[in-house]
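Inspection log for the structure reproduced underneath, given as structure tokens.
The values are calculated or read from the model by the stated rules, or taken from the named source; none is laboratory data. This one's a predicted model, so the numbers in the text were calculated from it and none came from an experiment. Every residue, glycine as well, gets a Cβ built from its backbone with ideal geometry; the counts of neighbours run over all protein chains shown. Keep in mind that these areas ignore ligands, DNA and RNA; they rest on the heavy atoms of the full protein, side chains included. Shrake-Rupley method; radii C 1.70, N 1.55, O 1.52, S 1.80 Å.
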Amino acid sequence: MTPEEIERQMMARIRGLSARANAADIRSELDSLQSCGRARLPSSDLVEALCQNLSLHGASHAVVSDRSEAVLAMSGYIAERYSQRRVVCGYDARLAAMPWRDGGVLPRFGSAESGDAVAISYASAAIAETGSLAIPLGRDNPAVNNLLPVDHIVLVNERDVRAYLEDVWTLDACAPEQTRGVMLISGPSSTADIAMELVVGAHGPQALHVIVIAA
Amino acid sequence: MNGSGVEFQRAAAEAIADTTHSANREQLGRKLPEARKEAIDAFGGDATFDAMRRDFKQLREHAQRHLGHYLEQFVAKARENGCQVHFARDSDELNRHVLDICIGAKAERVIKGKSMVTEETGLNVALEDAGLAVRETDLGEYILQEAGEKPSHIVAPALHKTKADIRELFLRQHALGERDLESSAAMVAEARRLLREDFLHADVGIIGSNALIAETGHSLLVTNEGNGDLCANLPDTLVICTTLDRLLPRASDGMAMLRLLARSTTGQALSCYTSFYSGPRKHHDVDGPTAVHFVILDNQRSDILASDYREMLHCLRCGACLNHCPIYMTAGGHAYDSVYPGPMGSVLTPLLTSLEEAEALPNACTACGRCEEVCPANIPLPGLLRDLRAEQFTTRVSPARWRAGLKLHAWLVLRPRLYRAVTGAAVRLMHRLGRKRGVIRHLPFAGGWLTARDLPAPAKQSFLSAYLDQQRKASRGAKP
């Protein structure tokens, strides 16, 4: 049997097992369903709720007033861990416009390589409900930058902190027409596969640091 | 597989005797239910979480009722997004598709994220037989691949390995000279270093899918280690092996599922990496696969959909039922001898194989109901297990002695007066046997059960008999 015949056979079988209804009726049935609940936010202040949930995942955070302070915060974070301040960033225009010199940070724009210690991404949104950063993948935020370095620093604008997970789908940047994927990052890479002991830094970054920029 | 009850019991007895290797399991049985409870309290409490489980179940039932519509919508959207979609009726067809994709990509090295579907089809063996180097990258799966063993839990595959086992394994398998590897962190670091090479040089990445989104063509991937995302983004070709029951109508429904999934598994609000992938790299992208393939497997699922067991297709593979099951905790995952152990596996395995091959599994249940209480998809697991047992009885799969006993029992309970007389006599006898100590230590036909526990002696009268006596006295007293 050819692959096309197998597909036709499987599709016919599933269609035969499905209810007879047209697309409009199915949509109307779907819309009539009770929408599923959402988590209680730990604070009515979205940034506060975000930061509390990030801490639960083992991520650190800072809230700064502007881009200059953000660079200083990054510089301080990197200086505590490394002797040099080289970082890799995607081609996001907001990252290109950061006043890097203010903090002596040396960015390289492009995708991370195995030896890169620190990557910086700019999230399209942060979700307070779960403490997650929504990062659409692409030239602005290559996936490898989220995964290969040891430290991952993610910037997000305070106005982009949203309450609930569904808010991700209101962003044009996250639509399939715009990006091949969206990553929701909620903490550093971790595993408990050896004797149920939690170890941070399994295959991805060993640390996630989030900087919320107020303006 | 451990088809017969005798084989299951033998494997379970070995697991019980091996207290060294059951330590992790006991820890999991304590920690994860606690973590789940804390997460649900933070979410808004049991009532709120249960309401969400009910609402999500309605959504899954809707998706299942219109599966043909949503499958067509997903396939069309995935192709529009630039993906290739293949269909496989059984394990061999899935393995053949993936091998053809690897050959087409001139692949030599393949990396895999954790995928129950490819465990089910035995994909690794098929690829390795064709000369490909296959590397499992989930840490637990990697440990088991190095050890040549099978998973014992769907979320924590190497649960049966102690820290000392893994240390010894790494020292034996990895020619890295002298090192102590005393801590879990040191072992994780070693695996990270070795697997990084595989991630960077693999030609094909293979992952599973937690859900397929019909309206957008997305595939949802949930991990804590980040290995699945490395598999999805570094190699030039990505293959997503999945089954048709993973379909959800809208992207927002994926978010609803996520609220249930990690909380039920590890107690996290969301796993560290939750990714929605829709297609290959776009023309301006600087990374990502240039080809994305979906292989959609049936392997009996359409038969399950046509049966009274279709609710089993709602399973999210979270592992909560395993974490709360007294049989799983006692017998361990390997006693089930299936890719899918625990309560969900005891229902699914006979449906994927046959009632004969998996004869023991529907009986590996105390009917305590904990699995149903914690299942995020609200699957009535004890009821489905009972139905499978009933089917085993009617199709004469159960042992003849067992069926004869059940027939006798059924005959008796259908005659209430005789039932009361027989059980009343038995209760009086047992009361006399345990009169001195308050417990019974020896009883015909229950030797095995009483070796590790005492049976409290029953009251002199059964509840019904005492109730009837009381009613009689009351009616006599009420007469003028």
For region B:141-164, what are the residues that are open to solvent by 40 Å² or more (accessible area, probe 1.4 Å) and closer than 20 Å to B:LYS114 by Cβ? B:GLN145, B:GLY148, B:GLU149, B:LYS150, B:VAL155
State which residue is nearest to B:ILE327 (Cα to Cα) when the search covers only region B:19-43 and only residues that are open to solvent by 60 Å² or more (accessible area, probe 1.4 Å) and in a helix (DSSP H, G or I). B:GLU26
Quick check on B:ALA11: is it surrounded by 15 or more Cβ atoms within 10 Å (Cβ to Cβ), more than 12 Å from chain A (Cβ to nearest Cβ) and part of a helix (DSSP H, G or I)? yes
Of (1) within 14 Å of another protein chain (Cβ to nearest Cβ); (2) in contact (Cβ under 8 Å) with a residue 12 or more places away in the chain, B:ASP100 satisfies every one except (2)
Per the list (1) facing another protein chain (nearest Cβ under 7 Å); (2) touching a Lys or Arg at 6+ places or on another chain (Cβ under 7 Å), residue check on B:GLY332 breaks on (1)
Taking the condition of being in a helix (DSSP H, G or I) and open to solvent by 70 Å² or more (accessible area, probe 1.4 Å), how many residues in region B:401-417 meet it? 9
Mind checking which residues of region B:159-173 are of a type in the set (A, V, I, L, M) and not in a helix (DSSP H, G or I)? B:LEU159
Total residues in region A:77-87, condition of a type in the set (S, T, N, Q) and either surrounded by 19 or more Cβ atoms within 10 Å (Cβ to Cβ) or within 14 Å of chain B (Cβ to nearest Cβ) (or both): 0
Does region B:55-71 contain any residue that is small (Gly, Ala, Ser) and in contact with an Asp or Glu (Cβ under 9 Å, 6 or more places away or on another chain)? yes
Looking at region A:47-76, which of the residues that are hydrophobic (A, V, I, L, M, F, W, C) and not in a helix (DSSP H, G or I) is surrounded by the most Cβ atoms within 10 Å (Cβ to Cβ)? A:ALA59
Looking at region B:457-477, which of its residues are of a type outside the set (A, V, I, L, M) and either open to solvent by less than 90 Å² (accessible area, probe 1.4 Å) or in contact with a Cys (Cβ under 6 Å, 6 or more places away or on another chain) (or both)? B:PRO458, B:GLN461, B:SER462, B:SER465, B:ASP469, B:SER475, B:GLY477
All but one of (1) within 18 Å of A:ILE213 (Cβ to Cβ); (2) in contact with a strand residue (DSSP E or B) (Cβ under 9 Å, 6 or more places away or on another chain) hold for A:GLN84, so report the exception by its number. (1)
Picked from region B:436-462 (must be among the hydrophobic types (A, V, I, L, M, F, W, C) and modelled with pLDDT under 85), the residue nearest to B:ALA426 (Cα to Cα) is B:LEU443
Does at least one position in region B:123-134 carry a residue that is within 14 Å of chain A (Cβ to nearest Cβ) and either open to solvent by 20 Å² or more (accessible area, probe 1.4 Å) or among the hydrophobic types (A, V, I, L, M, F, W, C) (or both)? no
Which of the residues belonging to region B:332-350 are crowded, with 23+ Cβ neighbours inside 10 Å and either touching a Gly at 6+ places or on another chain (Cβ under 6 Å) or under 13 Å from B:LEU159 (Cα atoms) (or both)? B:GLY332, B:GLY333, B:TYR336, B:SER338, B:PRO341
The residue that is most open to solvent (accessible area, probe 1.4 Å), considering only those in region B:188-228 that are over 19 Å from B:GLU146 (Cα atoms) and within 8 Å of chain A (Cβ to nearest Cβ), is B:LEU200
How many residues does region A:88-106 contain that are of a type outside the set (A, V, I, L, M), surrounded by 18 or more Cβ atoms within 10 Å (Cβ to Cβ), within 14 Å of chain B (Cβ to nearest Cβ) and touching a Gly at 6+ places or on another chain (Cβ under 9 Å)? 2
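One line per residue, one yes/no per condition, for (1) within 11 Å of chain A (Cβ to nearest Cβ); (2) of a type in the set (Ser, Thr, Tyr):
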| site | (1), (2) |
| --- | --- |
| B:CYS231 | yes, no |
| B:ASP236 | no, no |
| B:THR242 | no, yes |
| B:ARG246 | no, no |
| B:SER252 | yes, yes |
| B:ALA256 | yes, no |
| B:LEU261 | no, no |
| B:GLY267 | yes, no |
| B:LEU270 | yes, no |
Scanning region B:283-306 for residues that are within 7 Å of chain A (Cβ to nearest Cβ), open to solvent by less than 20 Å² (accessible area, probe 1.4 Å) and either in a loop (DSSP other than H, G, I, E, B) or modelled with pLDDT under 95 (or both) gives B:ASP285, B:ASP287, B:GLY288, B:ASP298
Which ones in region B:244-276 are assigned to a loop (DSSP other than H, G, I, E, B) and in contact with a helix residue (DSSP H, G or I) (Cβ under 7 Å, 6 or more places away or on another chain)? B:PRO249, B:THR266, B:GLY267, B:GLN268, B:ALA269, B:LEU270, B:SER271
With the condition being away from every other protein chain (no Cβ under 12 Å) and free of Cβ contacts under 8 Å to residues at least 40 places away in the same chain, I'd like the strands (runs of 3 or more DSSP E) fully within region A:107-214 carrying at least 2 qualifying residues. A:118-122
Can you confirm whether B:ALA156 is facing another protein chain (nearest Cβ under 9 Å), touching a helix residue (DSSP H, G or I) at 6+ places or on another chain (Cβ under 8 Å) and either in a loop (DSSP other than H, G, I, E, B) or modelled with pLDDT of 95 or more (or both)? yes
Using beta carbons and a limit of 9 Å, which pairs, at least six apart or on different chains, have the first residue in region B:52-64 and within 7 Å of chain A (Cβ to nearest Cβ) and the second one surrounded by 22 or more Cβ atoms within 10 Å (Cβ to Cβ) and among the basic types (Lys, Arg)? B:MET52/B:ARG259; B:PHE56/B:ARG259
